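Here is the structure we will look at.
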């Protein structure tokens, strides 16, 4: 692959400008089209705003119990659905653009830590403190499988770009990669387990070109070739633990957001060389992500 020729267009989003929250923002999502920002709060409410007009709240949906915060939000590739999950152990499938609740799924005994929608918009996956991995059929609106795996709780999950597999990270630092063609009879024995990290997995990202990146509280990033899951390389972005990561649409860049230095860094995904840095004058940064058009977004709240 050729080296990236120019830096991606970068846009920081300050969610303090999106008025209408009555509690702390605990989850944040920018739609793949870049048209809207969606927030989840400690009050259990999901809110949608026009990104170009931060003061314009388009819709709200109270889909979690009072006082039960939204822990995570995810969108489908085509922005037709979002999913929310949180402390109340509910996984909500929500249709856009009206924020209409389609189905509220159950299947966890403790709080949920992450939820994702497959790129073909067929599967919904959730993981949580109860060490469960749940799979739901979006079309049939039913649960397909629950896996309960001994060990530490699960912290995050991600579908591969072509929907062949799902990777699940744990608080103990391990990553398990499951082949989705084994559903609904998938078991732990079908998983490949990666044990390169020494602490909680905080982010997992897949590229179109066949790579998987994992970030952790240990401050390291590992990149694997996801056909054989051998390590291509590892590096330390510096600036604390890895909060969020994303591959660019052309797979040439990996953006990382760490906890302490208020910077988004773009790395060459082949040579691991640092290509570009962006200073973000915000604290409590929640995510960095690439939109479909290649724009790089970082979001958080203002420095005081």
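All of the numbers you see were taken from the coordinates with simple rules; none came from a lab. Keep in mind that what you see is a predicted model, and the values were worked out from it rather than measured. Glycine gets a Cβ as well: all are built from the backbone with ideal geometry, and neighbour counts include every protein chain shown.
Below are the figures for this structure:
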item: Efficiency of FRET from Cβ geometry, residue 284 and residue 143, R₀ 35 Å, rounded to 0.05; result: 0.55
item: Peptide ranges 172-184, 85-97 listed from the most packed, as the mean C-beta count within 10 angstrom indicates; result: 85-97, 172-184
item: Label point distance in nm, residue 103-residue 9, each placed 7 Å from Cα along Cα→Cβ; result: 3.7
item: Where N is the number of residues in the chain, Cα Rg divided by 2.2 N^0.38 Å; result: 0.93
item: Gyration tensor verdict on the range 155-304 (Cα atoms; rounded if a/c is under 1.5, prolate if a/b is larger than b/c, oblate otherwise); result: prolate
item: Inter-part distance where the range 102-147 and the range 173-204 are each reduced to a Cα centre, Å; result: 16
item: Angstrom value of the Kirkwood radius, inverse mean 1/r, which spans all Cα pairs in the range 101-213; result: 14.1
item: Calculated P(r) tail over 18 Å for the range 77-126, as whole % of Cα pairs; result: 27
item: The chain - share of DSSP beta bridges that are antiparallel (%, nearest 5); result: 95
item: Cβ-Cβ FRET estimate between residue 62 and residue 295, R0 fixed at 35 Å, reported to 0.05; result: 0.65
item: Pairwise label distance in nanometres, residue 272 with residue 208, each label 7 Å out on the Cα-Cβ vector; result: 2.5
item: Cα-derived Rg to Rh of the range 1-89, Kirkwood definition; result: 1.06
item: Spin-label pair residue 185/residue 163, simplified geometry with 7 Å Cα→Cβ offset, distance in nm; result: 2.2
